[in-house]
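Just so it is clear, none of the values below were taken in a lab; they were calculated from the coordinates. Since the structure is predicted, the reported quantities are computational estimates derived from the model, not experimental observations. Please note: Cβ atoms are built from the backbone with ideal geometry, for glycine as well, and neighbour counts cover all protein chains shown.
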């Protein structure tokens, strides 16, 4: 697996300060994609042990809330197979930090409820390690800059542990924003 970019101290792709890994390879080719260069599976650099260790080290400070996986497409089968041991190790090192995953596939496709090429032998194991799944393709006609942590209105922010336990989609609930103004 290759990766297109790593953003340390990212505040755009999940709550708090995070490390974001942008993997290479995507077959969706959504019109208006912000990261079209990462569609190519060969783009970027190899995802080596050294790179993994740099990401793990970047997440060590207490102020780092977690890891975000983007792309390209993290849920392409070839990427899932590489990400599973990486995310498993991340969760072992940092059990209180969250993993967010952005996918152009829907939850229903990932679970095999709708036909899709994304489902493979490691999909369920990887989904079980993800805290929030931002699912669905980017749709230019539904683009909305005011949406938090997503690009288009069709995309859902799913609380994956609650979703998997309930057997139906459960939306992620954002932390309340506290006002500094007195009443």
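Ranked highest first by average number of other Cβ atoms within 10 Å, how do 116-122, 56-62, 151-157 line up?
Numbers: 116-122: 15.0, 56-62: 12.6, 151-157: 18.1.
Per-residue Cβ counts within 10 Å, averaged per peptide and sorted highest first, yield 151-157, 116-122, 56-62.
Once the mean 1/r over all distinct Cα pairs of region 47-131 is inverted, what Kirkwood radius in angstroms do you read off? Before the final figure, lay out the partial values.
Details: mean 1/r = 0.0748 Å⁻¹.
Its Kirkwood hydrodynamic radius stands at 13.4 Å.
Given a cut-off of under 8 Å on Cα pairs at least six residues apart, what relative contact order in percent is computed for region 56-183? Present the calculation step by step, with values, prior to reporting the outcome.
Details: 181 pairs, mean separation 24.7, N = 128.
RCO, region 56-183: 19 percent.
What does DSSP give for region 92-183 in terms of the percent of beta bridges that are antiparallel, rounded to the nearest 5?
Details: 6 of 10 bridges.
Of all bridge pairs located within region 92-183, approximately 60 percent are antiparallel.
Ranked by Cβ crowding within 10 angstrom, fewest neighbours first, how are 27, 163 ordered? Could the numbers behind the result be given before it?
On the way: 27 13, 163 22.
Fewest-to-most ranking of 27, 163: 27, 163.
Can you give the calculated 222 nm mean residue ellipticity of the chain, where each DSSP H run of n ≥ 4 adds -39,500 (n - 2.57) and the sum is split over every residue, rounded to the nearest 500 deg cm²/dmol? Let's see the in-between values first.
Working: 5 runs with 43 residues, N = 183.
Taken over the chain, the calculation gives -6500 deg cm²/dmol.
How long is region 2-166 along each principal axis, judged by its Cα atoms, biggest number first, in Å?
Sorted largest first, the three principal extents are 39, 36, 33 Å.
What fraction of the DSSP beta bridges in the chain is antiparallel, stated in percent and rounded to the nearest 5? Display every interim value, and only then the final one.
Numbers: 13 of 27 bridges.
In the chain, DSSP labels about 50 percent of beta bridges as antiparallel.
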